[in-house]
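FYI, it's all coordinate maths here, none of it is from the lab. It should be emphasised that the depicted structure is a prediction, and the values quoted were computed from it without experimental measurement. Cβ: placed from backbone, ideal geometry, glycine included. Neighbour counts: every protein chain shown.
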Amino acid sequence: MDKKQFKGGTGLRTTVWLDATNHDGSEEAIARAASILARGGLVAFPTETVYGLGANALDEAAVRSIFAAKGRPADNPLIVHVSKFEEAVPLVQSVPEPAHRLAAAFWPGPLTLVLPAKGVLPPVVTAGLDTVGIRVPEHDVARELIRRASVPVAAPSANASGSPSPTRAEHVRDDLDGRIDAILDGGPCRVGLESTVVDVTGPIPVVLRPGGIPAEALLRLVPEIIIPPVGGSAVEGVPRAPGMKYRHYAPATRLLLVEGEPDRVVGVIRREIASWQARGHRVAVLATREHAGSFQADVVRVLASRRSPEEAAHNLFAALRDLDQSGTDVILVEGMEDAGVGQAVMNRLWKASGGEIIHAR
Ligand code: TXA
Ligand code: MG
């Protein structure tokens, strides 16, 4: 028997572990996962961004069970995954011109296009909206799974609602063991954070969520595209509690994001460490490789080099999950430049902080 097979102790389902990490077994693992999907089951599967929690998008009961397993609010629509562009066409009323350009350039890949829905999917998928988010993932295992299941696959990120998205099969197990039917293990996700969501239903395309395709690449292709700033403004030197409606992508531990000019950020984090420790708290710092040596905290973890937003994206969610297990009372995070995929990294950190941002000037 597969030594990684396990049974869910807390939920209502037995979660089967299917190993698609080595070439020999992966075909059978994918075939089993596809048949579970076709029978109305829930399968967590790897994509190049994060793990998704998939169900047959045409099966209303199966889609409903996604929301139940994650504890996801019903008013948050799901992304529908298809294995190639042609499979998106029957799900939508039209593919506007900029969407053609974007799909041709970035599919398969970490881009979701919000398109006018045709009404072939049950309303629960789109939370009753007349639009639908569609994506062709690049990960071979994901595309082979969708192809074999022969249905569009509705899939949010495979985390418990609100917690950091899963970038390894083990993260899915930690959150959803006993609540889903299978975990298809494809190893760590390459990008590490979610797809860029672009709404192409209006006269001018709008980025709804920064992600794996950076703004610069979108602008080259669609110069008129609207790209909102990463987050709201922070009050100088003071962490701001309200301002954002809810935390998301967040560890259970309190997280403070320190952003601004790099040298000043180091100074502010050092002062914060001292002040939290003086009050008897244990402090974790998530820092750039260049600055990690400057911090005398209880736990210091390197996120990435300042020069590599790709490395930061790849490591971000795993680092937040690890730090949540480190027994500290607060996590101080060194912000990065928001160029390239760094914009998505900073967006996730803004959300994870719940608005508790210190702007170092
Ligand atoms: O990379 C990803 O996008 C991953 C992998 C699994 O594909 N999926 C993912 O799904 O991040 P989820 O559910 O965690 O995030 C989907 C985002 C949500 O912010 C949702 O509100 C938005 O996409 N979305 C989906 N359909 C939409 C629609 N019709 N209109 C506007 N926003 C939509
Ligand atoms: Mg999510």
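A few notes on this one:
- Two-site FRET efficiency, residue 261 against residue 305, from Cβ-Cβ distance with R₀ of 22 Å, rounded to 0.05: 0.80
- Cβ-Cβ FRET estimate between residue 204 and residue 60, R0 fixed at 45 Å, reported to 0.05: 0.85
- Rounded if a/c under 1.5, otherwise prolate or oblate - segment 1-153, Cα gyration tensor axes: oblate
- As a proxy for reagent exposure, 199, 174 were ordered by neighbouring Cβ count within 10 angstrom, fewest first; the result is 174, 199.
- Karplus-derived 3J(HN,Hα) values for segment 319-330, using 6.51 cos²θ - 1.76 cosθ + 1.60 with θ = phi - 60°, are 5, 5, 5, 4, 5, 5, 8, 8, x, 9, 9, 8 Hz; glycine and proline are entered as x.
- The distance linking segment 84-129 with segment 6-68 is 23 Å (Cα centroid to Cα centroid, whole angstrom).
- Dimensions of segment 100-152 along the principal axes, based on C-alpha atoms and rounded to the nearest Å, stand at 31, 28, 14, largest first.
- Within the chain, helix-based [θ] at 222 nm, where runs of 4 or more DSSP H residues each add -39,500 (n - 2.57), nearest 500: -9500 deg cm²/dmol
- Two-site label geometry, residue 14 and residue 127: point separation in nm, points 7 Å out along Cα→Cβ: 3.6 nm
- In terms of its C-alpha gyration tensor, segment 24-113 has an oblate overall shape, because the principal axis ratio a/c (a ≥ b ≥ c, square roots of the eigenvalues) is not below 1.5 and a/b does not outweigh b/c.
- Lysine pair count for segment 1-121 (Cα-Cα distance under 30 Å; residues 8 or more apart in sequence or on different chains): 6.
- Between residue 289 and residue 150, the modelled labels are 4.8 nm apart [label points 7 Å from Cα along Cα→Cβ].
- Scaled to the globular estimate 2.2 N^0.38 Å, the Cα spread of segment 7-59, given as radius of gyration, is 1.19.
- Under a 5 Å amide H cut-off, with hydrogens placed 1.01 Å from N, residue 117 pairs with 93, 131, 132 among residues at least 5 apart or on other chains.
- Electrostatic dipole magnitude of the chain [Cβ: Lys, Arg +1; Asp, Glu -1; Cα centre; debye, to 20]: 680 debye
- Relative contact order of the chain, taken over Cα pairs closer than 8 Å and 6 or more residues apart, is 19 percent.
- Whether segment 303-342 is rounded, prolate or oblate, judged on the alpha carbon gyration tensor where a/c under 1.5 counts as rounded: prolate
- Basic side chains Lys and Arg get +1 at the Cβ, acidic Asp and Glu get -1 at the Cβ, and with that the dipole of segment 290-337 about its Cα centre reaches some 80 debye.
- Amide H contacts of residue 254: 331, each under 5 Å away and 5 or more positions distant or on a separate chain (H built 1.01 Å from N in the peptide plane; Pro and chain starts excluded).
- Sequence-distant residues sharing a close amide H with residue 163 (under 5 Å, placed H): 249, 250
- Springs join every pair of Cα atoms under 10 Å in this Gaussian network model of the chain, and among 351, 118, 84 the largest mean-square fluctuation is at 118.
- Computed extension length for residue 274-residue 296: 7.1 nm, one decimal, from 0.36 nm per residue of separation with the Cα-Cα distance subtracted.
- Between residue 84 and residue 220, the distance separating the two model label sites (each 7 Å from Cα on the Cα→Cβ line) works out to 2.6 nm.
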